[in-house]
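Peer 1: Please see the structure below; I have some questions.
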Amino acid sequence: MTFEHCTRCTICVENCPVYKVEPRFPGPKQAGPDAQRFRLDPEKSVDEWVKYCCQCRRCQVSCPYGVDVADIILKAQLKYGREHLSPLAAHLFANAYHFNKLGSTLAPLANRASDWPLTKSVLGLFGVSRELDLPEFRFVNLERGRRRMGRGRKVVFFTGCHLAFNRPDIGRKVRDLLASTGCRVVMPAQTCCGLPALGNGDLDIARKFALKNAAMLTRYIDKGFDVVYACTSCGLTLMHDYPGILDVPGGRKIAENTYNVYAYLFPLLQAEAEGGPLGTLELSLAYHIPCHLRALGIGYPAARIFEMIEGLTCSILDDNCCGLAGTYGFKKRNQETSRRLGLIAAQAVRDTGADTVVADCGACRMQLSHYALMPALDPAEIITQAMANTPKRSRAGSGIAQKILQTIQMKRRSA
Amino acid sequence: MLDVVVIGGGMSGLTAAIHLAGAGLKTAIISRGDPVCCLSTGCIDVLDLGGRPMDGYGALPEGHPYRLVGKRGIEDGLRMLKDIMASSPIPYTGTIRANREILTPIGTFKTTCLVPRTMEASQGCRDEYLHVISFAGLKDFYPSYITSRLPDTGFSLFDAGCSSTLALAARFEEQGFLDEFCSWLSSIEIPPGRVAIPAVLGLKNPVAVMEEISSRIGRTLFEIPTLPPSLPGMRLFRTLKTAFQERGGEVYWGNPISSVEIRGATVEAVTLAASGRPTRVQGRAFILATGSFVSGGLYATRESVREPVFNLAVRVPGARKDWFLHDFFMPGHPIEGAGIEVDASFRPAGSSLENLFVCGSILANSEIMKNRCGHGMALATGLKAARQCERMLV
Ligand SMILES: Cc1cc2nc3c(=O)[nH]c(=O)nc-3n(C[C@H](O)[C@H](O)[C@H](O)COP(=O)(O)OP(=O)(O)OC[C@H]3O[C@@H](n4cnc5c(N)ncnc54)[C@H](O)[C@@H]3O)c2cc1C
């Protein structure tokens, strides 16, 4: 629906995280449908504040009339970006993929370098916030660990940058979960989904990334592969923006053949559990629903899998944006907004009294573990651990998640 | 496969869904957007045709949804809401035995039945001096509307550095800000009486915030609902949504139903238009709670009024030319009676569908503005439809 369907009811405003903490942002109603009536293509944009929108898409999800509020604002952000020189930070983040790739190749050095005060001040000059540590690089990134397994359904795993470069351990868990249900998983060479470039006002770079991925993905789809994603922001980009604003060849085909990994796994794991529990894990979770999972309109698939785990309790938290919003919170100008939203979301997590927080999005996890002062895990880590605890399956739980979970459980027992 | 799919996440759909999920049925809500509740005062209107709520019951026409639910059913709906709210940080006050009055932002009084604890002390506020506290630059709230209408009143402004109710609510959740506000409030001269404040005392724990302010200044305090964005409406909606999720309910938010699958007399599945690829949701039973015109549950064209999801027959009062009245908000506007008629089991009248139930403001003959029965009717019919649905399934 276009801006003309807006009735100005203000429900979008009620749902805007930025509006409640950033007085310079007039809210989605004004930034979207209201201002849209005055935006003329040939006229140079003057609404610099439109960049304060973090593209969480909560306005669009809440709109009772189906107005594409977030899409209207995104287009205005891209128009602004096209017409004005962007700050250095925007260039940096639009091209995050290349830095990630470099960073993970030089992991030990890059990690140390990103801790140096000098690096921090240089990044500061570029407009990068120093509130949160930049994510750590892993030398053995997922791209290097390519492997094929299984003989069942054929699956392309679209890992996204965060799992590829920063958390390959989670990527491997996702891959192994798929393989354990008999899927044949491939992880062909892939690049950034394009969302960071979109979020930084650069449609051309976003499209460049998207075209590369689209060519690869459609090739596999034509050979009978399904595509799965674990990062819900990459997922939304593939589903919504590839056939939408990025308009890449094969975009519609990709959207039709792409699945959230937990929605994909649910029936497979259900079959494997044969009506019984999938596994055991004595733990209480606060499940922070990433904004982009909400926007996908597929429900919360990982929560359905959690229901099959004995001993697990899960509080769903879907009313808060974590405030990091990909690269948004890493920019100095958004630092205070991001911090305040992070504190609100973290408080909601703490109010549940849960042992640990879970989220499908790497950015949400970074932000929430920072502000809630507790470990933040991916659903794959929970599921893998629960399955490892079942005697009939001898799959080993491993890595960071296992250590965290063991500590939590020891604390529980001694309490 | 789900047991029940509720279409529409407003007061009626949420009530139905909470009841069903609480009864152990696997239930999901599909909602295109947030409901009207988020724009409301958060107060539950039950019926106001003069006197106590149920005094007007006999004057309602035969086909009014309340008549199909019965007095007991109306009470059950209110009790259910009060129970849910009692275990949240925002308990509700009031009973079906009396209506009460709350002060509005323009200095008039609104009749309603159940109110959030933060508005409890609004009742009877005209009997003593009233001091309104507002905020410098706050949009859409002008205390002089109140002070010019009501004799024994005055106001003061606090500069909180923000101009919206939502921003203020976020600030009131910070202890530092609350302290600063309380010390300012203690420092100003207020004649003896009550203190009123626009509804900005936080989203999550407004009662606790109110009680802290109240005890620190030693005055009775209450909230005045504001124009949308309306915190009390949001609080009510979010508390109910959370109550549903705590009972294991699933939500699919942000996309409309694009098609339905019907075989014989059974609705088998609905499809929602999600990003990229539609999502198909199967259920054993379905509840339609898509609201009235304002939410798109009913849709008026030049020729007719349609129900867009199942294309159910819509009762329309008379010919289109009769819908035109001088004033849309005039009580008794004929279009207010438009909607879906149901039988005693809350299935759509004249339809052969056996596993479809209907509730809320989409129902025919409700005349919500005339009868002032908004949320109350949503609660009563939501619970009733859910019980009928439960009876069919269990
Ligand atoms: C501005 C305003 C203020 C009010 N204030 C008060 C008040 O203070 N007190 C009071 O008691 N009453 C009030 N009322 C009346 C009261 O809010 C409503 O009568 C009542 O809440 C209606 O609830 P409902 O569940 O029937 O519908 P709604 O709240 O309208 O909910 C319907 C839901 O269905 C969704 N939907 C619609 N179509 C589709 C579709 N095709 N697919 C999926 N989902 C769909 C909508 O997005 C919406 O979430 C007010 C009404 C208005 C308009």
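Peer 1: State all residues of the range B:138-164 that are open to solvent by 40 Å² or more (accessible area, probe 1.4 Å) and part of a loop (DSSP other than H, G, I, E, B); if no residue qualifies, say none.
Peer 2: Matches in the range B:138-164: B:139, B:140, B:142, B:151, B:152, B:159, B:161, B:163.
Peer 1: Let me ask something else. Suppose we keep only residues that are facing chain A (nearest Cβ under 9 Å) and aliphatic (A, V, I, L, M) within the range B:260-275. Which one would you say is most open to solvent (accessible area, probe 1.4 Å)? Let's see the steps before the verdict.
Peer 2: Restricting attention to the range B:260-275, the residues satisfying the condition of being facing chain A (nearest Cβ under 9 Å) are B:272-275.
Now restrict to residues that are aliphatic (A, V, I, L, M): B:272-274.
Numbers: B:272: 0, B:273: 42, B:274: 16 Å².
Restricting to residues being facing chain A (nearest Cβ under 9 Å) and aliphatic (A, V, I, L, M), the top hit is B:273.
Peer 1: Condition (residue is of a type in the set (A, V, I, L, M, F, W, C), more than 10 Å from chain B (Cβ to nearest Cβ), in contact (Cβ under 8 Å) with a residue 12 or more places away in the chain and open to solvent by 10 Å² or more (accessible area, probe 1.4 Å)) applied to the range A:281-293: is it met by at least one residue?
Peer 2: Looking through the range A:281-293, at least one residue is of a type in the set (A, V, I, L, M, F, W, C), more than 10 Å from chain B (Cβ to nearest Cβ), in contact (Cβ under 8 Å) with a residue 12 or more places away in the chain and open to solvent by 10 Å² or more (accessible area, probe 1.4 Å).
Peer 1: For the range B:352-388, give me each residue that is within 13 Å of the ligand (Cβ to nearest atom), open to solvent by 10 Å² or more (accessible area, probe 1.4 Å) and in a loop (DSSP other than H, G, I, E, B).
Peer 2: Result: B:361, B:367, B:372.
Peer 1: Among A:45, A:62, which is polar (S, T, N, Q) and farther than 30 Å from residue B:8 by Cβ? Steps first, please.
Peer 2: Details: A:62 fails: farther than 30 Å from residue B:8 by Cβ.
Residue meeting the stated conditions: A:45.
Peer 1: Can you name the helices (runs of 4 or more DSSP H) wholly within the range A:205-279 that have at least 1 residues being within 13 Å of chain B (Cβ to nearest Cβ), at pLDDT below 95 and surrounded by fewer than 21 Cβ atoms within 10 Å (Cβ to Cβ)?
Peer 2: Per the criteria, A:261-273.
Residues checked against (1) open to solvent by 30 Å² or more (accessible area, probe 1.4 Å); (2) touching an Asp or Glu at 6+ places or on another chain (Cβ under 6 Å); (3) at the interface with chain B (Cβ under 9 Å from one of its Cβ atoms):
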{"residue": "A:17", "(1), (2), (3)": "no, no, no"}
{"residue": "A:23", "(1), (2), (3)": "yes, no, yes"}
{"residue": "A:30", "(1), (2), (3)": "yes, no, no"}
{"residue": "A:37", "(1), (2), (3)": "yes, no, no"}
{"residue": "A:41", "(1), (2), (3)": "yes, no, no"}
{"residue": "A:46", "(1), (2), (3)": "yes, no, no"}
{"residue": "A:51", "(1), (2), (3)": "yes, no, no"}
{"residue": "A:55", "(1), (2), (3)": "no, no, no"}
{"residue": "A:59", "(1), (2), (3)": "no, no, no"}
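Peer 1: Moving on. Could you tell me which residue of the range B:34-46 is nearest to the chain's Cα centre (by Cα), considering only residues that are aliphatic (A, V, I, L, M) and away from chain A (no Cβ under 14 Å)?
Peer 2: Residue satisfying both the conditions and the ranking: B:44.
Peer 1: Would you check if there is a residue in the range A:88-109 being farther than 30 Å from residue A:187 by Cβ and either more than 21 Å from the chain's Cα centre (by Cα) or open to solvent by 80 Å² or more (accessible area, probe 1.4 Å) (or both)?
Peer 2: yes
Peer 1: Hey, among B:73, B:58, which residue is over 30 Å from residue B:210 (Cα atoms), surrounded by fewer than 19 Cβ atoms within 10 Å (Cβ to Cβ) and in contact (Cβ under 8 Å) with a residue 60 or more places away in the chain?
Peer 2: B:73
Peer 1: Check off (1) modelled with pLDDT of 95 or more; (2) in contact with a strand residue (DSSP E or B) (Cβ under 8 Å, 6 or more places away or on another chain); (3) hydrophobic (A, V, I, L, M, F, W, C) for residue B:243 and give me the number that stays unchecked.
Peer 2: (2)
Peer 1: Just to be sure before I move on: is residue B:256 at negative phi and modelled with pLDDT of 95 or more in the structure I sent?
Peer 2: When the stated conditions are applied, residue B:256 does not pass them.
Peer 1: Sticking with this structure for a sec: Would you check if there is a residue in the range B:236-259 being in a strand (DSSP E or B), without any contact (Cβ under 8 Å) to a residue 60 or more places away in the chain and either hydroxyl-bearing (Ser, Thr, Tyr) or within 11 Å of chain A (Cβ to nearest Cβ) (or both)?
Peer 2: yes
Peer 1: For residue B:49, state whether it is under 20 Å from the mean Cα position of the chain (by Cα), more than 14 Å from every other protein chain (Cβ to nearest Cβ), open to solvent by 30 Å² or more (accessible area, probe 1.4 Å) and touching a residue at least 40 places away in the same chain (Cβ under 8 Å).
Peer 2: So residue B:49 passes the test.
Peer 1: Does the range B:341-351 contain at least one residue that is surrounded by 19 or more Cβ atoms within 10 Å (Cβ to Cβ), within 15 Å of the ligand (Cβ to nearest atom) and within 14 Å of chain A (Cβ to nearest Cβ)?
Peer 2: no
Peer 1: If you scan the range B:293-309, which residues turn out to be near the ligand (Cβ under 6 Å from one of its atoms) and not in a helix (DSSP H, G or I)?
Peer 2: Those that are near the ligand (Cβ under 6 Å from one of its atoms) and not in a helix (DSSP H, G or I): B:296, B:297, B:308, B:309.
Peer 1: Considering only the range B:89-101, state which residues are within 14 Å of the ligand (Cβ to nearest atom) and either farther than 22 Å from residue B:238 by Cα or within 14 Å of another protein chain (Cβ to nearest Cβ) (or both).
Peer 2: Correct list: B:96, B:99, B:100, B:101.
Peer 1: So for the range B:65-88 (the condition being within 13 Å of chain A (Cβ to nearest Cβ), more than 14 Å from the ligand (Cβ to nearest atom) and either at pLDDT 95 or above or part of a loop (DSSP other than H, G, I, E, B) (or both)), does at least one residue qualify?
Peer 2: So in the range B:65-88, the residues within 13 Å of chain A (Cβ to nearest Cβ) come out as B:88.
Next, from what is left, pick out any that are more than 14 Å from the ligand (Cβ to nearest atom): B:88.
When the remaining residues are screened for being either at pLDDT 95 or above or part of a loop (DSSP other than H, G, I, E, B) (or both), the result is B:88.
Yes, some residue in the range B:65-88 is within 13 Å of chain A (Cβ to nearest Cβ), more than 14 Å from the ligand (Cβ to nearest atom) and either at pLDDT 95 or above or part of a loop (DSSP other than H, G, I, E, B) (or both).
Peer 1: Further question: Pick from the range B:233-259 the residues that are surrounded by fewer than 17 Cβ atoms within 10 Å (Cβ to Cβ) and within 15 Å of the ligand (Cβ to nearest atom): which of them is farthest from residue B:32 (Cα to Cα)? Write out each step before concluding.
Peer 2: First pass over the range B:233-259, keeping only residues surrounded by fewer than 17 Cβ atoms within 10 Å (Cβ to Cβ): B:246, B:248, B:258-259.
Those left that are additionally within 15 Å of the ligand (Cβ to nearest atom): B:258-259.
Values: B:258: 11, B:259: 13 Å.
Looking at residues that are surrounded by fewer than 17 Cβ atoms within 10 Å (Cβ to Cβ) and within 15 Å of the ligand (Cβ to nearest atom), I get B:259.
Peer 1: Here's a follow-up. What is the residue count in the range B:276-315 for residues that are away from every other protein chain (no Cβ under 14 Å) and open to solvent by 70 Å² or more (accessible area, probe 1.4 Å)?
Peer 2: 7
Peer 1: Show the residue pairs meeting these rules: Cβ distance below 6 Å; 6+ apart or different chains; first residue within the range B:1-22 and within 14 Å of another protein chain (Cβ to nearest Cβ) and among the hydroxyl-bearing types (Ser, Thr, Tyr); second residue open to solvent by 10 Å² or more (accessible area, probe 1.4 Å) and more than 8 Å from the ligand (Cβ to nearest atom).
Peer 2: none
Peer 1: Taking the criterion of being more than 14 Å from chain A (Cβ to nearest Cβ), under 30 Å from residue B:371 (Cα atoms) and in contact (Cβ under 8 Å) with a residue 12 or more places away in the chain, would at least one residue in the range B:150-164 satisfy it?
Peer 2: Yes.
Peer 1: Mind counting the residues in the range B:90-137 that are part of a loop (DSSP other than H, G, I, E, B), in contact with a strand residue (DSSP E or B) (Cβ under 7 Å, 6 or more places away or on another chain) and surrounded by 18 or more Cβ atoms within 10 Å (Cβ to Cβ)?
Peer 2: Summing the residues that are part of a loop (DSSP other than H, G, I, E, B), in contact with a strand residue (DSSP E or B) (Cβ under 7 Å, 6 or more places away or on another chain) and surrounded by 18 or more Cβ atoms within 10 Å (Cβ to Cβ) in the range B:90-137 gives 7.
Peer 1: Now for a separate question. Which of the following residues is in the same structural domain as residue B:217 (by TED's automatic domain parsing) and under 17 Å from residue B:222 (Cα atoms): B:164, B:183, B:144, B:156?
Peer 2: Being in the same structural domain as residue B:217 (by TED's automatic domain parsing) and under 17 Å from residue B:222 (Cα atoms) holds for just one of B:164, B:183, B:144, B:156, which is B:156.
Peer 1: For the range A:309-388, list the helices (runs of 4 or more DSSP H) that sit wholly inside it and hold at least 2 residues that are more than 22 Å from residue A:169 (Cα to Cα), open to solvent by 40 Å² or more (accessible area, probe 1.4 Å) and within 14 Å of chain B (Cβ to nearest Cβ); which are they?
Peer 2: A:335-351
Peer 1: Quick check: is even one residue across the range B:205-215 surrounded by 20 or more Cβ atoms within 10 Å (Cβ to Cβ) and either within 13 Å of the ligand (Cβ to nearest atom) or not assigned by TED's automatic domain parsing to the domain that holds residue B:123 (or both)?
Peer 2: no
The values are calculated or read from the model by the stated rules, or taken from the named source; none is laboratory data. None of the values given here were measured: they were computed from a predicted structure. Please note: Cβ atoms are built from the backbone with ideal geometry, for glycine as well, and neighbour counts cover all protein chains shown. To get the accessible areas, we keep the full protein, side chains included, count just its heavy atoms, and leave off ligands, DNA and RNA. Shrake-Rupley method; radii C 1.70, N 1.55, O 1.52, S 1.80 Å.
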